[in-house]
Protein chains: 2
Amino acid sequence: MNRNDLRVVKTKQALHNALLTLLSEKPLESISIAEICREAKVNRGTFYLHYEQKEKLFEEYFQEIMADLNNSYEEPYRAVTNFNKDELDPNTVRIFHHIERFKMFYRIVFSKNVPLTYYYMLFDEIQALLKRDLAQNKNTGLSLDFYSAYQANAIIGIILEWYRHDFTESVSTLNEQLVTILKFKP
Amino acid sequence: MNRNDLRVVKTKQALHNALLTLLSEKPLESISIAEICREAKVNRGTFYLHYEQKEKLFEEYFQEIMADLNNSYEEPYRAVTNFNKDELDPNTVRIFHHIERFKMFYRIVFSKNVPLTYYYMLFDEIQALLKRDLAQNKNTGLSLDFYSAYQANAIIGIILEWYRHDFTESVSTLNEQLVTILKFKP
DNA sequence: TATTTTAATGAACACATGTTCAATACATAA
DNA sequence: TTATGTATTGAACATGTGTTCATTAAAATA
């Protein structure tokens, strides 16, 4: 399957557009593959030539979003992960901006009936960012795998709670909360 | 639908046993409702009388596991959540024991193609435990919702990483890692 | 035990899934 | 432009999904 073949490009584009159209009408879980194909005017067999599930199609979008998280927010996010807690400026935390920007996607990612795949994609991305920054600290007895998993998922915990509040709080409120938590010594 | 009616009890039991039998052969995602009903010798229509999806059936088991997490581990877990970090004895942390005990279930809960539902059930349970313990600390500017979400999901982050290592590390190694992380001041 | 109530059944329905295969249409490269 | 390669199509098939409804069987209760 040659990804550059115009036929392939056309088909994938049609499926992408069809999914986006349908997503604006109803949630991912109630969209069928047959429906996507009807909308895209693509044979159902052709769908299976490119994707196993409708989730794989959505995954292609999500990868672009993960690239955004990685590229645009790497530097400012590092400010948090460095854990210079007392010098930390809430406004340098960019991750919540990113989430807010792609709110409609994260509503899907965090919805109950969606597979864990997307959660792992987000987790992997943040954990990789953290690992890069934490690699310097060679603390004896501290496993980089577990420590980065701990910190990465903690951040996602806040995002999860934010999602459950239907993203009502402002980005700066979230930033302040994170900074307060990181500074807090019980 | 009377939950005490013997017919209901019998049907649910048959479906429970059928699911357990099939789960020992293959993953949840590749088990069909029709298959469960054939195995349980229950009419497919009857299944829909009690559950909407096969996931709801699995959920009934998982609720028992959550009850175990809540009951047996509440007290010792509190030792961690009190954040008397320097006095903390790694052996008092019981949550990893619980996970290890129900390893086969958590393999399902954390697998890629399973819906987020179970993740939320685990998250809710741990967050509720934390909220109970953290309610005393009335720290200005610190939201209990976000702080407990942060801490609860951080713990799950460690469990997630453990799952990805296929639970190879020992429980005491996990306990030590958690204590080290909690003591660590960057 | 006899009567009432209601859960379970089987059959049928329209639609979705996942797969196969020969026929066709359309890019790419000669 | 033509020849070659291959992505796409349509049709078919077995199976699964989710729902309805009259009938049957088995509990609860009187």
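Please state which one of B:LEU129, B:LEU142 is in a loop (DSSP other than H, G, I, E, B) and either within 11 Å of another protein chain (Cβ to nearest Cβ) or not β-branched (Val, Ile, Thr) (or both). Steps first, please.
On the way: B:LEU129 fails: in a loop (DSSP other than H, G, I, E, B).
On inspection, the qualifying residue turns out to be B:LEU142.
Scanning region B:1-49 for residues that are open to solvent by 60 Å² or more (accessible area, probe 1.4 Å), touching a residue at least 40 places away in the same chain (Cβ under 8 Å) and within 11 Å of DNA strand C (Cβ to nearest atom) gives B:MET1, B:GLU29, B:LEU49.
Selection of region B:162-178 for residues being open to solvent by 10 Å² or more (accessible area, probe 1.4 Å), of a type outside the set (S, T, N, Q) and in a helix (DSSP H, G or I) yields B:TYR163, B:ARG164, B:VAL171, B:GLU176. Of everything in region B:71-102, what is open to solvent by 30 Å² or more (accessible area, probe 1.4 Å) and modelled with pLDDT of 90 or more? Give them in sequence order. Scanning region B:71-102 gives B:HIS97, B:GLU100, B:ARG101, B:PHE102. Restricting attention to region A:93-126, the residues being facing another protein chain (nearest Cβ under 10 Å) and not in a helix (DSSP H, G or I) number 7.
Considering only residues that are of a type in the set (S, T, N, Q) and within 18 Å of A:LYS56 (Cβ to Cβ), which ones fall in region A:1-20? Let's see the steps before the verdict.
If we filter region A:1-20 for residues that are of a type in the set (S, T, N, Q), which is where we start, we get A:2, A:4, A:11, A:13, A:17.
Selection gives A:THR11, A:GLN13, A:ASN17.
Filtered by the rule that a residue be within 27 Å of A:TYR61 (Cα to Cα) and open to solvent by 60 Å² or more (accessible area, probe 1.4 Å), region A:104-151 gives A:MET104, A:ARG107, A:LYS112, A:ASN113, A:ASP124, A:LYS131, A:ARG132.
The values are calculated or read from the model by the stated rules, or taken from the named source; none is laboratory data. Computed from a predicted structure; not experimentally measured. Every residue, glycine as well, gets a Cβ built from its backbone with ideal geometry; the counts of neighbours run over all protein chains shown. Areas reflect the complete protein model, heavy atoms only, side chains present, ligands, DNA and RNA absent. Shrake-Rupley method; radii C 1.70, N 1.55, O 1.52, S 1.80 Å.
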